[in-house]
Amino acid sequence: MSSKLIPILFTLAVGLSHAAKEEASLGREGLGRSFQHLKKTGALTVGYFGGSITAGAGASKSSETSYRALTTKWFRDTFPEAKITEVNAAIGGTGSDLGAFRCRKDLLDQHPDLVFVEFAVNDGGGNAGRVQASMEGIVRQIWRANPSADIVFLYTTTKSLAPAYDRGETPSAIVVDEKVAAAYRIPGINIGKTLWQRVHDGQATWETLLPDSTHPGDTGYAIYAKQIREFLEAHRNDKKGRPHKKLPEPISPVPLENAHLIDASELAASDIAGWIRDEAAEGKRFPHNISSNQPGAELKYRFKGTAIGVYWVIAPDSGDMEWTIDGSAPQRASSWDHYALRSSRANYRILNDALSPGEHELTLRVLPEKDPQSKGAWIRIGALMVN
């Protein structure tokens with residue numbers, strides 16, 4: 001590593017930002033492991049794990065003007081001789097529940113040293129117990145994969161969350177996230193409240209910051225990035241913390257720390273009657289699909305765990321299926337919705353996350369009935385979600 005990098009790494013930040021002071025007062029960890037790793041190796045891999053806001057929806061150019069891109073740019077500008085690798089592990093329209101299952105494949109296989117986790121908006125209105133189990137599962141997965149990684153929770157906003165802030169309240173998903181953050185001493189930055197404050201103080205309007213009421217435009221993303229940048233500057237001299245080789249007892253009854261994806265190619269050792277194997281994965285999310293449009297076609301899968309779900313394709317020609325676990329009463333699920341009229345996309349459905357530990361059997365069956373607006377009855381599964 002060049003000697004020029006060392007003084008840059010140890011340049012003192014000018015004062016603590018409000019967010020950094022707040023985190024310090026809460027006894028949260030800083031970013032010492034990340035910055036010390038950067039100093040020692042001259043390299044840092046930064047992971048961004050979240051939904052469409054992390055993906056950069058609404059930015060004029062997501063690879064340049066999103067908060068993610070601007071944060072990566074700060075690292076590269078601040079440490080020009082270091083190798084900074086960005087991992088964009090964001091999927092729009094998804095929450096921490098799917099996040100826990102795809103964490104290994106989409107994030108951890110890239111070996112991040114620092115991870116920003118942003119799911120508070122998409123988790124809004126979700127079951128608090130599931131959100132907590134998902135967020136805690138993500139944290140535990142990250143530290144089991146890399147005990148020296150640093151984690152930061154980011155809390156973004158939408159216009160619909162403004163009334164809560166107006167009443168002096170904290171949005172429900174952030175309350176849950178903060179419970180996990182406090183238990184694991186993870187810093188959290190409420191960058192969304194900063195936008196609300198700008199509007200509340202008359203310095204801006206929601207229309208200029210969140211043109212579609214949810215996704216920032218470039219102005220909103222710049223404000224998000226500025227607060228993250230201030231937080232990073234304030235923590236550049238943090239002492240290296242101890243690696244998380246031994247995790248505390250979980251606060252959730254069953255955190256999704258063993259959540260993973262079972263690729264469609266592993267669902268059966270041989271061809272299944274009525275199903276075909278399709279290598280043309282939708283949106284490159286799935287390496288393989290197993291698909292059927294034949295009413296009555298069944299897929300059985302035995303698994304060991306407490307949760308099961310499907311990670312599948314919603315498309316203009318998608319249909320409905322019936323599912324049971326261990327011979328339970330059949331329930332119906334549709335892989336079509338009105339958004340499919342515009343385009344196809346990857347989506348998911350957790351079928352049951354309250355199973356007793358042990359062996360179970362899932363049975364899926366393609367139904368002849370479908371939404372009248374659908375052009376077909378296809379069920380296309382990219383993976384099963386198992387914890």
Practice item. Would you tell me the accessible area of Leu161, worked out with a 1.4 angstrom probe on the heavy atoms of the protein chains, in Å² to the nearest 10? Key: 40
Review point. Residue by residue through segment 306-314, which ³J(HN,Hα) values in whole Hz follow from phi under the Karplus form 6.51 cos²θ - 1.76 cosθ + 1.60 (θ = phi - 60°), with glycine and proline marked x?
Key: 10, 9, 8, x, 10, 10, 9, 10, 9
Review point. Against the longest principal axis of the chain, how steep is helix 128-145, in degrees 0 to 90 to the nearest 10, with axes from Cα atoms?
Key: 70
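Please give me, ordered by residue number, the GluC sites (Glu not before Pro) of segment 298-373 that lie in loop per DSSP and have at most 15 other Cβ atoms within 10 Å. All intermediate terms of the calculation are to be shown ahead of the outcome.
Values: sites: Glu298, Glu322, Glu359, Glu361, Glu369; in loops: Glu369.
Those satisfying the criteria are Glu369.
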Study note, to complete from the structure: If one builds a Gaussian network model of the chain from Cα atoms under 10 Å apart, the most fluctuating residue listed among Ile189, Ile325, Ile174 is Ile325
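Please give the net charge around Gly309, taking every other residue with its beta carbon less than 13 angstrom from that of Gly309, where Lys and Arg add +1 and Asp and Glu add -1.
On the way: positive: Arg102, Arg130, Arg349; negative: Asp97, Asp353.
My count for the surroundings of Gly309 gives +1.
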Check your understanding: Give or take rounding to whole Å, what are the principal axis extents of the alpha carbon atoms in the chain, in descending order?
Key -> 66, 46, 37
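Over 30 Å between C-alpha atoms is what I'm after, so list which of Lys61/Lys159; Lys159/Lys375; Lys193/Lys239; Lys61/Lys179; Lys83/Lys304 land there. Write down the numbers at each step before the final one.
On the way: Lys61/Lys159 22 Å; Lys159/Lys375 35 Å; Lys193/Lys239 28 Å; Lys61/Lys179 34 Å; Lys83/Lys304 41 Å.
The pairs that break the limit, which is 30 Å between Cα atoms, are Lys159/Lys375; Lys61/Lys179; Lys83/Lys304.
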Review point. Once amide H atoms are placed 1.01 Å from N in the peptide plane, what residues at a sequence separation of 5 or more from Asp278, or on another chain, have their amide H within under 5 Å of its amide H?
Key: Asn289, Ile290, Ser291
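Is there a quick way to get the dipole size of the chain? I mean about its Cα centre, with the Cβ of Lys and Arg at +1 and of Asp and Glu at -1; what is the value in debye to the nearest 20?
Working: 45 positive and 45 negative charges, 249 e Å.
Charge dipole of the chain: 1200 debye, to the nearest 20.
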**Study point:** Candidate lysines - alpha carbon under 16 Å from Lys240, same-chain residues fewer than 8 apart omitted
**Key:** Lys39, Lys40
Revision key, fill the gap. Given backbone amide H placed at 1.01 Å from N, residues whose amide H is under 5 Å from that of Ala43, ignoring those fewer than 5 places away on the same chain, are Lys83
Review point. What part of the accessible area of the chain, given as a whole %, is carbon or sulfur when the probe is 1.4 angstrom?
Key: 50
Check your understanding: Based on the alpha-carbon gyration tensor of segment 91-209 and its eigenvalue square roots a ≥ b ≥ c, which shape applies: rounded if a/c is under 1.5, prolate if not and a/b is larger than b/c, or oblate?
Key -> prolate
Review point. Mind checking the angle between helix 32-41 and the chain's longest principal axis? C-alpha axes, 0 to 90 degrees, to the nearest 10.
Key: 80
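For every other residue with a beta carbon closer than 13 angstrom to the beta carbon of Leu247, add +1 if it is Lys or Arg and -1 if Asp or Glu, then tell me the sum.
On the way: positive: Arg140, Arg144, Arg185, Arg242, Lys245, Lys246; negative: Glu136, Glu249, Glu257.
Overall, the nearby charge balance is +3.
Which sequence of Thr156, Thr208 reflects their accessible areas, 1.4 Å probe, from the largest down?
Details: Thr156 0, Thr208 75 Å².
Result, largest first: Thr208, Thr156.
Taking R0 as 30 Å, what FRET efficiency do you get between Asp371 and Lys300 from their Cβ-Cβ distance, rounded to the nearest 0.05? Don't jump to the answer; show the numbers that get you there.
Numbers: r = 26 Å, r/R0 = 0.85.
Efficiency at R0 = 30 Å is approximately 0.70.
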Exercise for review: Rounded to whole Hz and in sequence order, give me ³J(HN,Hα) for segment 52-64 from the Karplus expression 6.51 cos²θ - 1.76 cosθ + 1.60, θ = phi - 60°, writing x for Gly and Pro.
Suggested key: 5, 5, 5, 5, x, 4, x, 6, 5, 8, 4, 7, 10
Check your understanding: Amide H to amide H under 5 Å from Gly93: which residues, 5+ apart in sequence or cross-chain, H placed 1.01 Å off N in plane?
Key -> Ser52
Check your understanding: So for the chain: antiparallel DSSP bridges make up what percent, rounded to the nearest 5?
Key -> 65
Revision key, fill the gap. Whole-number value, in Å³ per residue, for the convex hull of the alpha carbons of segment 127-169 is 94
Check your understanding: Comparing Leu70, Leu210, Leu247, which has the greatest mean-square fluctuation in the GNM of the chain with Cα pairs linked when under 10 Å apart?
Key -> Leu247
Review point. Between the helical axis of 191-200 and the dominant principal axis of the chain, each derived from Cα atoms, what acute angle in degrees is found, rounded to the nearest 10?
Key: 70
Revision key, fill the gap. Projected onto the charge dipole of segment 308-387 (unit charges on the beta-carbon of Lys, Arg, Asp and Glu, signs +1, +1, -1, -1), the Cα from Ala329, Ile381, Asn352 with the largest positive-side position is that of Ile381
Practice item. Would you compute the Debye intensity of segment 183-300 from its alpha-carbon atoms alone, equal scatterers and no solvent, and pass along log10 I(q)/I(0) at q = 0.11 Å⁻¹ to two decimals? Key: -0.81
Review point. Residue by residue through segment 222-237, which ³J(HN,Hα) values in whole Hz follow from phi under the Karplus form 6.51 cos²θ - 1.76 cosθ + 1.60 (θ = phi - 60°), with glycine and proline marked x?
Key: 5, 5, 3, 5, 4, 5, 5, 4, 4, 5, 5, 4, 5, 10, 5, 10
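The values are calculated or read from the model by the stated rules, or taken from the named source; none is laboratory data. What you are looking at is a predicted structure, and each value in this text was computed from that prediction instead of being measured. We place every Cβ from the backbone using ideal geometry, glycine too, and count neighbours over all the protein chains shown. Only protein heavy atoms, including side chains, enter the accessible area calculation; ligands, DNA and RNA are left aside. Shrake-Rupley method; radii C 1.70, N 1.55, O 1.52, S 1.80 Å.
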